[in-house]
Amino acid sequence: MKRRKILIDTDTGSDDALSIAMALREPLFDVVAITTVAGNVPLETATENALMTIDYAERDKPPVYMGCSKPLFRELLTADSVHGKDGMGDLGIFTKSKRKPETEHAVDAIIRYADMGDVEFHTIGPLTNIAVAIMQNPEAMRKIPKITMMGGAIFRGNTGHLAEFNFWQDAEAADIVFNFGIPITTITIEACATPDTRILEEDMLMLKNTGSRLAAFCVDCNSTMAENVFRNSGERYFVTADPTATAVMARPDLIKKSVTSYTRFDIDGEYTYGMTVNDLRKTDSIYISKDTVLKPHNCTIVYEVDGAGFKEYLFSLII
Amino acid sequence: MRKIIIDTDTGSDDAVAIVMALRDPNVEVVALTTVAGNVDLEKATKNALISIDYAESYSPPVYAGSKKPMIRELETASQVHGEDGMGDLGTLREPKDRAEEKHAVNAIIDILKNSDKGEIELITIGPLTNIALALIKDSVSMNRLKGITIMGGAHPYNNPHSVSSEFNIMADPDAAYIVFNSGIPITLVTLEACQGDAVLNADDIEHMRKLGEIGSFCIDCNMTAIKAAEDSGKEPFIELPDPIAYAVWARPDIVTVSFKSFTRIERKSPLVYGATLFEYEKDFMIEAHVDKSKTFNSKVVTSIDSEKFKSFLFELVKK
C-alpha cells in the first residue's frame, strides 16, 4: 500500500500534540515534515513541543522546521489560558527532546515539499507559514494536491464574531491562502466543539489505565485544559480541535455535515477582524444584491463529524 | 390605542405593511416618513401615498426624508420591487394627496418633542438614515420613544442579500450603527424570521386576491418578485419582511424564537459592512477581551408563527 505523504504545519500546544501523535501512528500516513509557527504558544515553545511529541510517539522522524515567529501584520496573542504557558499544561513532568530542529526555515522547507507535487498539507495553526510560502513561490505552492485544515467557523466561532482562533490570529494569512487556489478542506470549530467529541473524565482514566506512555502523554498535556473546564462548568473534559481535523484527513467517512463555500476572512472590520466569511449564496435568487458576481467555491467546510467514531479512531491510534 | 411612526422606503412589501397598519383598529399611525432604499426617495414617497389610498382607511401625513444613506451611495433593490418599486404594473392609481413640506427628520423630532415619554413607538422598514439623523440632532426627544421595531439584519451565515448582511442595514450601516448605540430599546426582526413558511406561497397569494381589492393590491405591488420566481421555473412566492416586522410589533405573540442580544453593526469592513453581530448573555464571558460596558440593546426575533401571521394579514386586508 502506498502511504500518503503529509506535511504538518503546527503551533504545537496540547491538542496539536495529539494530532501529531495520531498522524505519526496512522499507518496510511507518511509524515515527511513538521513545520512550526507561532500561535497557541511562541515559536520556540511550539518547536520544543513538536519535537517532544515525536519522542513520545516513539518515532525518530520526521524533521522539524521552525517558521514564522509572529502573524504577518499583527502582534502574537497566544492562548496561555487554554494550553498553559508552555502549551502543554504547565505540568513540568515531560521529558524534553534531545533532538534539534533543522536549520532550514520552515517556509523554505514548505516550498521544497510543495514542489514535490505529492505531499498533502495539514495545518493546525495560523496560516502564516503557508501564506509566506505562497508569496515567495506560488508556482511550487500550486503543486500541493490538498490542504486539510483545522480552522474557521460557520455559525458562531470561538474568538469574536464568527471568528475561530487559528485563522483569527492571522486573518491576512488565512485570506491569502484561501484565495490562492489549492484545494482546501477545513474542519470548523463547530465540528470540533460538539459534546460527543469531548474527551471525558472516564476516557482520560481509560487511556491512562492502558499503560501506554503515549496515551498518558496525550491525556496529561491536556489535563490543565480539563481542570479549567471543570472550574467553569463542573464537568471535567477537554476538547480536541486539531485531532478532529487530523481524523477527518485520514477518515473522510467520519464527516457528517459539510458544504462547499467561497470563503474569505475579514481583515478590516471594527468588530469583524478574523471573521470567517462563507459565501453560500445560490445564483438563482433575486434577493441577491444587484451586480453581484458569485465566485467559484474555494473550500469544503466540514461542520459536523461522527463524534463517537472520531474518539474510537483517536483511541485506537494512541493506545 | 398604540401610536406609531412608520419610517419606510416604500417598495412592494412596505406597501403591505402600511396597509396593515392603517387598517389595524388598535393602532394610530401618526405619520409615515420616507427614506431612500428599495427605491429612490421620490418613488418611496409616491408609493407611500399610493398605499394610503389603497388601504381605504385614514390618511396620516407623509414626510419625505433622506435622499441617500449617510455616507455610502444609494443602492436600490429594483430587481425585487420593480423600477417603480411597486411591481411595474402601470395600472396603479396616482396618489390623491401630496407629502408635507416638512423634512421627515424634523417631523420625527417634532412629533416626539410634543409627545409624552413612551407614548409613541417607531417601526422602521427601510434603511435607518432618517432615524440616525434625528438621533444626532435631538437625542433627548428621540429618547421619548418607547421603542423601535426594525426590520433588518440577519445572522451572518444565512443571508441572501450579500455575503453577510441584510439590505436595510447594509444600505446604511453607519446609520444603523448610530441607532444601535442610541440606548433606545430595539426589537430587530431579522430576515430568518421572514423566510421558510413565513413567505406567501401560491395558495396564500390566491387567497389574498379573493379577499378583495385591498388584498389584490397587496399582491399586485409584489409582482416583480412573483414574476422572478415564475421566470426561474418556481411556484410564485412573496417574501414579506416588512409586514412581518409590523405584525411582530402589533402582535408580539406571533414570535416563536427570539433572544436578548448585545448587537453591534459592522460599518468599516469592505467585505462584511452591514453585518449584524449578535452576542447572547453567555458570550459576554468567553470573548478574549471582556468588555464590561456591554449591555443588551436589542431583542432579536428569528422565527415567527407563520399561520398566526398570515391570518392576521388576511384579517386586516379583508374588505
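I'd like the distance between the alpha-carbon centres of the range B:1-55 and the range A:241-269, rounded to an integer number of Å.
Cα centres, the range B:1-55 to the range A:241-269: 46 Å.
How large is the charge dipole for the range B:2-317, taken about the Cα centre, if only the Cβ atoms of Lys, Arg (+1) and Asp, Glu (-1) carry charge, to the nearest 20 debye?
Computed charge dipole of the range B:2-317: roughly 1060 debye.
Got a sec to turn the phi values of the range A:45-52 into Karplus ³J(HN,Hα) couplings, 6.51 cos²θ - 1.76 cosθ + 1.60 with θ = phi - 60°, whole Hz, x for Gly and Pro?
5, 4, 5, 4, 5, 5, 4, 5
Taking N as the number of residues in the protein assembly as shown, what is its alpha-carbon radius of gyration divided by 2.2 N^0.38 Å?
Details: Rg = 28.3 Å, N = 638, 2.2 N^0.38 = 25.6 Å.
Cα Rg divided by the expected 2.2 N^0.38 Å: 1.10.
Which far-off residues, 5 or more places away or on another chain, put their amide H under 5 Å from the one on B:Ile120, with H placed in the peptide plane?
Here the answer is B:Lys146, since their amide H atoms fall under 5 Å of that of B:Ile120.
Whole number please: convex hull volume per residue, Cα atoms of the range B:61-143, in Å³.
120 Å³
If I histogram all Cα-Cα distances within the range A:135-294 using bins 5 Å wide from 0, what percent of pairs lands in each bin?
Reading the bins upward from 0: 2, 8, 14, 16, 17, 16, 12, 8, 4, 3, 1, 1, 0.
Under the rule of -39500 (n - 2.57) per DSSP H run of 4 or more residues, summed and divided by the residues of chain B, what mean residue ellipticity at 222 nm is obtained, to the nearest 500 deg cm²/dmol?
Result for chain B, helices only: -10500 deg cm²/dmol.
What ranking do B:47-54, A:135-142, B:308-315 get when scored by the average of other Cβ atoms within 10 Å per residue, highest first? Don't jump to the answer; show the numbers that get you there.
Details: B:47-54: 23.4, A:135-142: 15.1, B:308-315: 18.2.
For the peptides B:47-54, A:135-142, B:308-315, the packing ranking is B:47-54, B:308-315, A:135-142.
Over the range B:2-317, what is the relative contact order in percent, taking alpha-carbon pairs closer than 8 angstrom and at least six residues apart? It would help to have the intermediate numbers written out before the result.
Numbers: 727 pairs, mean separation 62.2, N = 316.
With pairs under 8 Å counted, the relative contact order is 20 percent.
Taking the DSSP beta bridges in the protein assembly as shown as the whole, what percent of them are antiparallel, to the nearest 5?
Details: 22 of 74 bridges.
Antiparallel bridges: around 30 percent, rounded to the nearest 5.
With +1 assigned to the C-beta of every Lys and Arg and -1 to the C-beta of every Asp and Glu, and no other charges, what is the dipole magnitude of chain A about the Cα centre in debye, to the nearest 20?
680 debye
Is there a simple number for the mean count of other chain Cβ atoms within 10 Å of the Cβ of residues in B:165-173, and what is it?
For peptide B:165-173, the averaged partner shielding equals 1.
Using alpha carbons only, how many angstrom separate the centre of the range A:132-153 from the centre of the range A:172-213?
20 Å
Enter the mean number of other protein chain beta carbons within 10 Å of the beta carbon of each residue in A:218-229, as an integer.
0
By average Cβ neighbour count within 10 Å, what is the ranking of A:270-276, A:259-265 from highest down?
So the peptides A:270-276, A:259-265, ranked by packing, come out A:270-276, A:259-265.
Tell me, what does the Kirkwood hydrodynamic radius of the range B:2-317 come to in angstroms if you use every pair of distinct C-alpha atoms?
Evaluated on the range B:2-317, it is 19.3 Å.
Run the helix sum for chain A: -39,500 (n - 2.57) per DSSP H stretch of 4+ residues, divided by residue count, reported at 222 nm to the nearest 500 deg cm²/dmol.
-10500 deg cm²/dmol
B:Val30: net charge of surrounding residues, Cβ under 14 Å, Lys/Arg +1, Asp/Glu -1, itself excluded? If you can, show how the numbers build up before the last one.
Numbers: positive: B:Arg2, B:Lys3, B:Lys102, B:Lys113, B:Arg144, B:Lys146; negative: B:Asp7, B:Asp24, B:Glu28, B:Glu100, B:Asp110, B:Asp116, B:Glu119, B:Glu121.
Net charge around B:Val30: -2.
Using a 10 Å cut-off on Cβ atoms, rank the peptides A:201-214, B:70-83 from the highest mean neighbour count down.
Answer by packing, highest mean first, reads B:70-83, A:201-214.
If you fit an axis through the alpha-carbon atoms of helix A:223-233 and take the longest principal axis of the Cα set of chain A, what angle between them do you get, 0 to 90°, nearest 10?
Helix A:223-233 sits roughly 70 degrees off the main axis of chain A.
So how tilted is helix A:14-25 from the main axis of chain A? Cα-based, degrees 0 to 90, rounded to 10.
On a 0 to 90 degree scale, this one is about 80.
Take peptide A:271-277, look around each residue's Cβ out to 10 angstrom, count Cβ atoms belonging to other protein chains, and average those counts.
On the way: counts 9, 11, 2, 0, 8, 2, 8.
Taking all residues of A:271-277 together, the mean is 6.
Could you list which residues have their amide H under 5 Å from that of A:Asp30, counting only those 5 or more apart in sequence or on another chain, with H placed in the peptide plane?
Correct list: A:Arg4, A:Lys5, A:Ile6.
With +1 on each Lys and Arg Cβ and -1 on each Asp and Glu Cβ, how big is the dipole of the protein assembly as shown about its Cα centre, in debye rounded to the nearest 20? Walk me through the numbers on the way to the answer.
Details: 67 positive and 94 negative charges, 128 e Å.
About 620 debye.
For the range B:96-101, take each phi angle, set θ = phi - 60°, evaluate the Karplus expression 6.51 cos²θ - 1.76 cosθ + 1.60, and give the result in whole Hz per residue in order, putting x for glycine and proline.
Running phi through 6.51 cos²θ - 1.76 cosθ + 1.60 with θ = phi - 60° gives 6, 9, 10, 6, 5, 6 Hz.
None of the figures in this text is laboratory data; all of them are computed from the coordinates on show. Small disclaimer: the values here were computed from a predicted structure and weren't measured. Ideal geometry is used to build each Cβ from the backbone, glycine not excepted, and the neighbour counts take in all protein chains shown.
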